[in-house]
Structures are given as C-alpha cells and as structure tokens.
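Below is one structure, written out as structure tokens; the observations come after it.
The values are calculated or read from the model by the stated rules, or taken from the named source; none is laboratory data. Nothing here was measured: the structure is a model prediction, and the numbers come from that model. So basically every Cβ, Gly included, is an ideal-geometry build from the backbone, and we count neighbours across all protein chains shown.
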Amino acid sequence: MLELRNVSVQYGSFTAVQNVNIHVHEGEIVVLLGSNGAGKSTVFRTISGLNKLSKGEIVFKGNRIDRYSPDRIVQLGIVQCAEGRKLFSRMTVYENLLMGAYIHRKEKEKIKQSLNHVYELFPILKEKRNDLAGALSGGQQQMLAIGRALMSRPKLLLLDEPSIGLAPLIVEQMFQIIKQINKEGTTILLAEQNAHAALHIAHKGYVFENGTIAVQGTSQELFANDNVHKAYIGT
Amino acid sequence: MIAVLKQKKIAALAILFALAFPLLIPNNYYLHMMTLSFIWMIAVYGLNLLAGYTGYLSLAHAGFFAIGAYTLAILTVKAGLNFWLAFFLSCVISSFIGFLVGLVALRTKEHFFAIYTLCVGYIIYLVIDKWDNLTGGVRGFIGIPSPANIGPISFQTPVSQYYLVLFFLLLVVFVMYRIVYSLTGRTYIAIRNSEELALTIGISTMKDKLVSFVLSIFFTSLAGALYASFIRFLGPDIGYISVMFDLLIFLLVGGIGTMSGPVVGTLLMTSISQQLQFLQDYRMLIFGPILTLLVIFYPRGVVGGVIHWKTKRTENNRDSRVGKISSHSSNEKQVKEG
C-alpha cells in the first residue's frame, strides 16, 4: 500500500534520514521504533508532504506521491496525527472534529456518520463536545487528535507517538483503540518509543537508529531480538 | 444561549444608536468625525480579517486604502466614469493588485511577511507621491465628486453621507460575521493556529490565505474609495506608514481577532486623540506607554479583555453552582470570536 524506497531527507546539510526502505501492506499496523531524534518524525513529515525528500521515492497505491502537496496527500487518504496533540485549542471539541472532515466538507451526511463513529470510539468527546479543546486533559486531547484524523476517513493513518506523556492506564486504553481502528479497516503506521506496548499490537516493525533502519522484522522477531529487547523493551 | 442573546442585544443597541446619532447630536463637526470613524472602521475590519483571523499581519493596507481612494479619484475625474461604476471598479482594481502582491507576499511568514508588506506599502506610497501626471503628486488630487444620486436619493448633505457610510459599515460587518462564523472562517483561524496542522488535515493553505488576503484588501480599498468621495481631496499621505500604524493601533486597542474590536478601538482611539488635540504631537508620549502596557496585559485588546473577564466570572459562578454546565459552555464558545 505504502512503500518508501531509498528515502533520504536533509535539513540543510544535515542528513536526518538516510536510505530508508519501508513497506506497509493494507490492513497492517506497522511500528517505527527508535529514540528521540532517530528520524521517525521526519519520515512521517516526509510521507505527509511537509518535508521534501532529497533522494528516493514514496509510492502510495501505485502513485508516486513524494512531489504532491500536503492537502493532496490527505485527499488520497493519508492523514497524519501529529506528535504533541496538536489541536486547534481555541475551538471546541466539535469544531476540531469538523475541521478534520475538511476534505469532505460538502458531504454533510458523510460527516455526520464519521462524527458518530468517532463519538462511539471516544464517548468522552461527545460528552465534552462543547468544551474548548485547550481545556481537555492530556489523554482527552490525544483522543481528540486521533478522532480528528479519523474524521477524514483515512486509508492510512500516521500516528506519531500517541502515548507520549500519558498515564500508563490511558496508554493501555489508547493502544486498544488503535487496534480497534485497525480492525475496522484502517492501515496504521505508528511511531513509538513505548516499544513494549506498540509491538503487542503491531504486525511488524522497523527500528531506527541515527536516521537509518537498524533492525526490521515481524513483532515476534523484534521481541526475540536481543539488541532490540535490551535497548527498547527492557527486561 | 444567554450570552449569544446578550451579544445580539448589544449589537442591536449599537446599531440603533448609530442610526439615531444625527438626530441626537445635530452637530456637523461630530457628524463629520463619526462618518470618518466609520470609514476607518471598515478599513480596520479589512485588516482584522487577515491579521486577526488568518494570522498574517499585513503592513501594506494603508497602501491599498490609498489605491482604492486614488483609483476612484482617477476614474471619476480623469476618465469621467459614472461614480458608482468607478466606485466598484476601484475596489476590484485594488483587490487585483492585492492578488498579485499576495502571490509573492504569502510565500513569506510572520516577521518576514510583515516586513515584506511594509515595503510594498511604502512602494505604493512612493509611486503615488512621485507619479505627478496621474496622481497630482505632493500637490494632491482635488475635485473628487461626492457619491452620485441613487434614484431619488442624493448624497450631498453630511447627514445623507453619514447614512451612506453607515450602510457600507453595516454591510461589511454583516459579511465579516458570515465569514468568521462559517467553515471558511474556521479555516482561517486554523491557519492562524498552526499552518502546518492546517496542511495535515487537508487544507490547501495557500489558496485560503490568498482569498483572505484579497478579501481583506477589498474591504480596505472600499474604505479608501468612501474616504475619497467623502473628503474629496487626496494627498499621498493617506498611503503613508503613519496611517498604517493608525489602523493597526485601532485594531490592537479594540481587540485583534474579535468581531467588535474594530468598532471599539476606532471609536476609543479617535475620541481620545480628539481630546488630547491640545498636546499636539506630544500625545504620542502618552499613547506609547499605554499601548505597550495594553499589548502586554491585554493582547486581545479591550474586547478581548472584557471577554476574558466575563468567562472568568462565569467560571467562578460555575464552581459555586456545580452542575449547571449548559450556560457556561456557550459562554466559552464566545471566547473564540467575541
């Protein structure tokens, strides 16, 4: 479904990502592991068109998308849910969700359906729909960020560190919901530092180190890999 | 709900007052000042759409105000066009120039956008100042006709001109209201909030920024055209930086990114300015510190301050009366646009 072929990204003269190959099949959950600054977010920004790559190509469903503008990529069905729960903090929860359906803005019925679906996944958002997004708790903000991304009905959802800064109990809940979203037919590419929880729900993973892929394999393989285990999972 | 009703009531009262003003205070001087303030308000609304909602602080708007004014003057006096046709064309021509400027200017952001548009504004001023044949240069442009009759209605008296300008002001406020409370308005606010975030939900930000830029200039040049037909004399000064900063001060004092900010700020600043006339340029010594304090403590101006105070009060009330959530949620909604 999505394929990155020999992708390199540069910020000025600094190479953030080098010769990365990633393959995501339809229906999968694929996780990118790695510490801060390893290049995960750069890969995400490049897929969604915010950064331009310096080498290589990105192919989505047979189309080369690495020269497309970000809004066109969203229309193709790739939506990024950015790190740090970026919301429109001065808008209400409901308005944030509506903005998420921007590309379907002329199809009122479709928006209503998506809205109900998101409310089913996150009942708390329905309860707080008239509250300002900035007034929500951390976990709720993350739910809203994911909910807003779902409003555009993505085929491929990019989740950048959905568990960052959340309480362990909420993290558990978050991963269950991600799993459910995947079961309902959305392919998911996930960047995580919380390797343990992420590998539990993922089909396969790539481990980033200094902008390149150090290890890759199925979840079981990564779990079994000693280096990965030591570095990202702990004992 | 209560807050919305209250807001509508205040707006209705303000409109009633504006309608009755010439009857209540039959004084030509005050009428003149009021009409002029209305014209500035229209220009400030234009600036507000771009700077307040889309988040792009343009410093070229005085230039476009001047383009609107001069285009009307040239089209009516030199080309001998029908007044209302010239009036309409001056807004369109100015907006078109704005469109061309926007194509380049909107590739920059934040400070760079402000500096770029500052330069554009200054270039517009220079062109007006130096192009003697067309604009009359430093001597200015005289003999601009006042608005032509519409059917049996004539606009020769100060009172009729007052109502004409008021009509355009209300029209602009109405259009602004419709824009801000629509998906388009939310798109602009989204761009102000974070352009990258707007991109990642599929907004083609360049297009929306350009539309908001051109709309904003349309309003401002409308004010310019009204100014030309009201004052009937133009000097290059109206496109100068100092006019730009007047507009900006009106907006900042009233409340940037609020619906009623331009009205409050313009009225407040023009009347204070009038009161301190005797101090001449020394009044800037008073304005300077006040403005600095205002920007530090009330970044969203007088209107923003009032809204903030109100939400705080309702929140306190809510804390003492647990459970009555329904009234506060609509109040919080008000915070956004005021």
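Grab the helices (runs of 4 or more DSSP H) fully contained in the range A:92-202, keeping just those with 1 or more residues being hydroxyl-bearing (Ser, Thr, Tyr).
The qualifying helices (runs of 4 or more DSSP H) are A:93-100, A:108-121.
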Worksheet item: A:VAL20: under 19 Å from the mean Cα position of the chain (by Cα), part of a strand (DSSP E or B), aliphatic (A, V, I, L, M) and at negative phi, yes or no?
Response: yes
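Here's the yes/no breakdown for (1) more than 30 Å from A:ASN225 (Cβ to Cβ); (2) in contact with a strand residue (DSSP E or B) (Cβ under 8 Å, 6 or more places away or on another chain):
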{"site": "A:LYS112", "(1), (2)": "yes, no"}
{"site": "A:ALA145", "(1), (2)": "yes, yes"}
{"site": "A:MET151", "(1), (2)": "yes, no"}
{"site": "A:ASN194", "(1), (2)": "no, no"}
Item to complete: Scan the range A:61-102 for residues that are within 19 Å of A:GLY138 (Cα to Cα), more than 8 Å from every other protein chain (Cβ to nearest Cβ) and surrounded by fewer than 21 Cβ atoms within 10 Å (Cβ to Cβ) and jot them down.
Response: A:GLU83, A:GLY84, A:TYR94
Practice prompt. Being within 12 Å of another protein chain (Cβ to nearest Cβ), out of contact with any helix residue (DSSP H, G or I) (no Cβ under 7 Å at 6 or more places or on another chain) and buried (at least 21 other Cβ atoms within 10 Å of the Cβ) is the filter here, so list the residues in the range A:103-148 that pass it.
Written response: A:ALA145
Discussion item. Please go through the range B:72-85 and give me each residue that is touching a Gly at 6+ places or on another chain (Cβ under 8 Å) and buried (at least 24 other Cβ atoms within 10 Å of the Cβ), ordered by number.
Written reply: B:LEU72
Discussion item. For the list (1) outside any helix (DSSP H, G or I); (2) within 22 Å of the chain's Cα centre (by Cα); (3) within 14 Å of another protein chain (Cβ to nearest Cβ); (4) of a type outside the set (D, E, K, R), I need the number of the one condition that B:PRO147 fails.
Written reply: (3)
Discussion item. If I filter the range B:197-204 for residues that are buried (at least 20 other Cβ atoms within 10 Å of the Cβ), more than 19 Å from the chain's Cα centre (by Cα) and not aliphatic (A, V, I, L, M), do I get at least one hit?
Written reply: yes
Worksheet item: With respect to B:SER260, is the statement that it is small (Gly, Ala, Ser), over 30 Å from B:GLY143 (Cβ atoms), at pLDDT below 90 and not assigned by TED's automatic domain parsing to the domain that holds B:HIS61 true?
Response: no
Response to the item:
Here the residues within the range A:26-83 that are outside any helix (DSSP H, G or I), of a type in the set (Lys, Arg) and closer than 30 Å to A:ALA197 by Cβ are A:LYS61
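Residues checked against (1) away from every other protein chain (no Cβ under 14 Å); (2) charged (D, E, K, R); (3) free of Cβ contacts under 8 Å to residues at least 12 places away in the same chain:
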| position | (1), (2), (3) |
| --- | --- |
| B:LEU197 | no, no, yes |
| B:THR200 | no, no, yes |
| B:THR205 | no, no, no |
| B:LYS209 | no, yes, no |
| B:PHE213 | yes, no, no |
| B:THR220 | yes, no, no |
| B:ALA225 | yes, no, no |
| B:PHE230 | yes, no, no |
| B:PHE233 | yes, no, no |
